[in-house]
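Taken together, the values in this text are just the output of simple stated rules run on the coordinates, not laboratory data. In this text, all values refer to a predicted model and were calculated from it rather than measured experimentally. For neighbour counting, all protein chains shown are included, and Cβ atoms are generated from backbone atoms with ideal geometry for every residue, glycine included.
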Amino acid sequence: MVDLALFQPDIPQNTGTILRMGACLGAAVHVIEPAGFPFSEKALRRAGMDYIDHVRIFRHLDWCAFEAWRKEAGRRAVLLTTKAARPYTDLTYLKDDVLILGQESQGVPQRVHDAADERVTIPMHLGMRSLNIAMAAAMVLGESLRQTGAFPVIEQAE
């Protein structure tokens, strides 16, 4: 299953939205610390509401700890960035990809760009800088789930 990774998130409401999406779509969420807000059970519950009990959350002390985990697990890193030339719809996603999202305020540092196996962007009109991080995560996660056939099965009501 494709996972999401948040690099040092700095807006708790966006983190909560992404956690809720992870719960609803079955994607684990990795939080690469430090976060720009108190990353506590109480804060997560407030941001993620009752969905927090249904998402797999993995905390990584820092970028080095996340990278050690990722390499050991053999997972491909796909960075969502405004600095890429490749549209996210042009990538063939793999079931074990990890989609990395940067800080809302400043993206990711060069070392994260350098470590990414793939870099993708969401095409936008000229002059527009970026989408909300939760919106970008939803678009790219949706495409990756579509390509890999990993959307949850819809149960039919009787």
**Q.** aspartates and glutamates whose Cα lies under 19 Å from that of Lys83, excluding same-chain neighbours fewer than 8 positions away
**A.** Glu104, Asp114, Asp117, Glu118
Q) When the helix-only estimate is applied to the chain (DSSP H runs of n ≥ 4, each -39,500 (n - 2.57), divided by the residue count), what is the mean residue ellipticity at 222 nm, nearest 500 deg cm²/dmol? A) -10500 deg cm²/dmol
Q | Spin-label pair Arg59/Thr82, simplified geometry with 7 Å Cα→Cβ offset, distance in nm | A | 3.0
Q) Using a simple spin-label model with points 7 Å from Cα along the Cα→Cβ vector, what separation in nm is obtained for Asp96 and Cys24? A) 2.9
Q. For mean projected area of the Cα convex hull in nm², which listed value, (i) 10.0; (ii) 11.8; (iii) 11.2, comes from the coordinates shown?
A. (i)
Q: Treat each spin label as a single point 7 Å out from the Cα along the C-beta direction, and report the Lys71 to Glu41 distance in nm.
A: 3.4
Q: Using Cα positions and a limit of under 18 Å, work out the aspartates and glutamates in reach of Lys42, with same-chain residues fewer than 8 apart set aside.
A: Asp10, Glu33, Asp50, Asp53
Q: Would you mind calculating the relative contact order of the chain from Cα pairs under 8 angstrom and at least 6 residues apart, reporting the percent as a whole number?
A: 28
**Q.** Nearest-20 debye value, the chain charge dipole, Cβ charges on Lys, Arg, Asp, Glu
**A.** 280
Q) Taking H as built 1.01 Å from N, whose amide H comes closer than 5 Å to the amide H of Ile100, not counting residues under 5 places away? A) Ala5, Val78, Leu79, Leu80
(Q) List the lysines whose Cα sits under 22 Å from the Cα of Lys95, skipping any in the same chain fewer than 8 residues away. (A) Lys71
